[in-house]
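Scroll down for the structure; my scribbles are underneath it.
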Amino acid sequence: MASERTLSIIKPDAVARGLIGEILRRFEAAGLRIAGAKLLHLSLEQARAFYAVHKERPFYPGLTEYMSAGPILVSILEGEGAIMKNREIMGATDPAKAAPGTIRREWGRDVEKNAVHGSDGPETAAWEIAFFFKPSDLHGNLKSEI
Ligand code: IDP
Ligand code: MG
């Protein structure tokens, strides 16, 4: 399987509860590398633009309000099969249906406030990474040089 990059977001409910460290730990423990990261507070307009794919859905107004309600941690996860691996670590959209041990099962509050976002495929990953990061925001793995 090829090395991939995917976009992860630790959503406002999880940042507010002090879960950044716990969640990033899950990714690193699964062998994913954090290739870029920043803390942001989205405007409502930015949240609407990011979730434009869902603009016809009934949950769009609530989702965009929630995603702009407080700071988020956006990161780029890199590794073999990173897109699907991240989706597995996150669990199903609805925390009540997510598998035991997944981030959403453990820390999601409900189907909206579900702690994390992860890209769902290669095209969305590329679009979502470019939404938040410019190429110079990405960093290579320097482990062998330190
Ligand atoms: P995903 O985040 O698992 O990919 P999507 O269907 O892409 O799920 O939905 C994007 C986000 O919209 C979800 O993570 C969640 O925050 C919110 N959402 C999805 N379905 C519902 C719903 O039925 N009610 C309220 N919010 C929802
Ligand atoms: Mg999605």
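What follows draws every value from the coordinates through simple rules; no lab data is involved. From a predicted model like this one, the values you see are computed outputs, not experimental measurements. Backbone-built Cβ (ideal geometry, glycine too); neighbour counts: all protein chains shown.
General observations
- Cα extents of segment 54-111 along the three principal axes, largest first (Å): 34, 26, 23
- Cα-centred dipole magnitude for the chain, charges only on beta-carbon of K, R (+1) and D, E (-1), debye, nearest 20: 240
- Segment 1-71: GluC sites (Glu not before Pro) in DSSP coil with no more than 11 other Cβ atoms inside 10 Å: GLU56
- For segment 93-109, the Karplus equation 6.51 cos²θ - 1.76 cosθ + 1.60, evaluated at θ = phi - 60°, returns couplings of 3, 8, x, 5, 9, 6, 5, x, x, 7, 4, 5, 5, 6, 10, x, 8 Hz by residue, with Gly and Pro reported as x.
- Length added when fully stretched, PHE59-ALA99, from 0.36 nm per residue minus Cα-Cα: 12.1 nm
- Label-to-label distance for GLU45 and GLU123 is 2.8 nm, based on points extended 7 Å past Cα in the beta-carbon direction.
- Sparsely packed loop sites in segment 50-110 (the chymotrypsin sites (Phe, Trp or Tyr not before Pro) outside DSSP H, G, I, E and B with at most 15 other Cβ atoms within 10 Å) comprise PHE59.
- Ellipsoid equivalent to segment 1-65 - semi-axes via the Cα gyration tensor, in Å: 25, 16, 11
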